[in-house]
Structures are given as C-alpha cells and as structure tokens.
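Just so it is clear, none of the values below were taken in a lab; they were calculated from the coordinates. All of these numbers come straight from a predicted model, not from anything done at the bench. Using ideal geometry, Cβ is built from the backbone for each residue, glycine included, and neighbour counts are taken over all protein chains shown.
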C-alpha cells in the first residue's frame, strides 16, 4: 500500500486498540499481576482477555442496543451488584431479582434473550 492509504487506514482506527488496552488493564484487573511467576501472570492475563471477550459477546447478543457501548465497569454495577439478593432458606439458595429497578429489569431481559438464543437451531 502507498503511504497515504496506510495513514488513512490508521486514522480510521482512531485509538480503538488503546481503549481496549485501557479496559483490560484498568477495568478487568490485567494491569496488576498477582504473582512473581510468569505462568500465573499469563493465566491472569488470559482470564482478563476472556472476560473482555465474554463482555463483548454479551453486549452484542444479550443486551439491548442502548448498552452496546457500555464498559465492563458500568455493566458490573448494573448487572452484578444491582440485580437482586441471594437468599438461603430451607437448604435452598435462591436469587431474588428486584424488578423495581433498572438492574433487575435488565437482568430479566438478558435471561429471556439467553433462553431464546438457546432454543435457536444451529
């Protein structure tokens, strides 16, 4: 490719790699290694990358379009901390979903989409 096409191609990307790197390091814990061992740190980084891939898959397949540009930190707050309460009673553990707030409603819609996705033929 000539130089002008390469520069145009690079400008179209507009920092997407840096954004992904920031998400991996700061929001998913990839910037802090847990051990002095290389293998453990490589596993830690692999888990962070897998979490980012699952996050992107969930945004594209399960969440409504309005959450398409959401970051892991905001979804972590909405889905994982604001969904409901885990209750243990009579040797049973149950997740009680709050329907009055945004997190519980969002979680319920995600579960419905997941059920529809499971029932689709390959």
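Seen against the Cα atoms of the chain and their longest principal axis, helix 3-13 is set at about 20 degrees.
Segment 1-48 and segment 70-111 have Cα centres spaced 30 Å apart. Given a Förster distance of 25 angstrom, what is the FRET efficiency for residue 25 paired with residue 61, based on the Cβ-Cβ distance and rounded to 0.05? After rounding to 0.05, the efficiency reads 0.50. Shape analysis of segment 1-71 places it in the oblate category; the axes a ≥ b ≥ c from the Cα gyration tensor give an a/c of at least 1.5, with a/b not above b/c. For Rg and Dmax of the Cα atoms in Å, the listed values are (i) 13.3, 39; (ii) 24.6, 83; (iii) 19.2, 71; which was obtained by calculation from the structure presented? Given (i) 13.3, 39; (ii) 24.6, 83; (iii) 19.2, 71, the structure-derived one carries the label (iii). Measuring spread by the Cα atoms of segment 68-122 yields a radius of gyration and Dmax of 13.6, 41 Å. Distance between the 7 Å Cα→Cβ label points at residue 105 and residue 1: 4.4 nm. Roughly what angle does helix 38-61 make with the longest principal axis of the chain, taking Cα atoms, 0 to 90 degrees, to the nearest 10? That works out to roughly 70 degrees. Helix 102-119 versus the longest principal axis of the chain: what angle, 0 to 90°, nearest 10, using Cα atoms? The two axes meet at around 80 degrees. Across segment 68-122, Cα pairs under 8 Å and at least six residues apart give a relative contact order of 26 percent. Computed from label points 7 Å out along Cα-Cβ, the spacing between residue 118 and residue 40 is 3.6 nm. For segment 37-103, the square roots of the Cα gyration tensor eigenvalues, ordered a ≥ b ≥ c, give a/c of at least 1.5 with a/b no greater than b/c, which places it in the oblate category. Relative contact order of segment 1-61: 23 percent, from C-alpha pairs under 8 Å at least 6 residues apart in sequence.
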